[in-house]
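What follows is a single structure, written as structure tokens, with notes after it.
Laboratory data are not the source of any read-out in this text; all were calculated from the coordinates shown. Quick caveat: nothing in here was measured; it's all calculated off a predicted structure. Note that each Cβ is placed from the backbone with ideal geometry, even for glycine, and that neighbours are counted across all protein chains shown.
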């Protein structure tokens with residue numbers, strides 16, 4: 001009986017070997033699963049994108065472990081000219097091929113929008129590519145609201161302007177959401193810049209709100225589904241000092257993990 005069982009197991013291994021081979025995840029040189037590929041899109045005016053970039057890269061690595069990060073900067077660091085409209089990251093129509101996540105922390109000039117350009121950017125996200133949106137990204141392509149509205153649909157929230165620079169107090173609205181896990185019920189940061197939320201797309205979850213000098217509450221942290229893709233966004237993040245804060249780093253880390261389905 002034992003001899004027959006051994007023969008059976010020996011023959012079975014030949015049957016299952018090809019199945020196991022094809023079922024294995026993609027491996028890297030060290031025998032581990034291939035790292036996720038992340039595109040970090042940054043640059044433009046009004047913010048210290050050069051100082052923020054190493055911090056964001058460290059948060060991405062903390063969130064995802066071994067990761068391949070491609071940084072795309074418009075205009076080069078050290079040039080705070082706001083007239084950066086056509087970001088080189090989207091030069092090719094298949095720009096998103098091979099990426100597992102895109103993190104946006106960028107600005108372009110006020111009053112600029114281009115329907116075909118916006119469509120090129122958001123289409124991969126609508127088809128399933130996760131996105132993380134930080135601060136000034138929400139103010140890109142302002143005129144689109146009166147055109148196709150596509151950028152606002154992708155972002156989830158419409159914002160046309162912001163309050164004067166002042167300390168901002170953030171209050172958690174959905175403490176049970178995994179993105180907000182471990183964050184205090186309320187925290188403050190400065191120098192802040194509270195973006196006014198003028199509209200919200202259907203299905204968007206407002207996870208936290210902020211209040212500043214004008215005394216009005218506006219959503220500062222949110223999450224939603226854009227087509228097949230997850231989108232996490234926050235208007236927190238004007239000054240580089242904010243990026244160095246424990247609350248912001250936890251928020252961004254967990255937002256990244258949620259976007260790619262690892263939270």
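Filter the range 36-89 down to residues that are out of contact with any strand residue (DSSP E or B) (no Cβ under 9 Å at 6 or more places or on another chain) and assigned to a loop (DSSP other than H, G, I, E, B) and give me whichever is nearest to residue 249 (Cα to Cα). The qualifying residue nearest to residue 249 (Cα to Cα) is 48.
Among the conditions (1) in a loop (DSSP other than H, G, I, E, B); (2) without any contact (Cβ under 8 Å) to a residue 60 or more places away in the chain; (3) closer than 25 Å to residue 64 by Cα, the only one that residue 203 does not satisfy is (3). Filtering the range 122-157 to residues that are under 24 Å from residue 262 (Cα atoms), in a helix (DSSP H, G or I) and touching a helix residue (DSSP H, G or I) at 6+ places or on another chain (Cβ under 7 Å) leaves 122, 125, 154, 155.
Within the range 158-171, restricting attention to residues that are part of a loop (DSSP other than H, G, I, E, B) and touching a helix residue (DSSP H, G or I) at 6+ places or on another chain (Cβ under 9 Å), the residue that is surrounded by the fewest Cβ atoms within 10 Å (Cβ to Cβ) is 161. Summed over the range 174-189, residues that are touching a residue at least 40 places away in the same chain (Cβ under 8 Å) and outside any helix (DSSP H, G or I) total 7.
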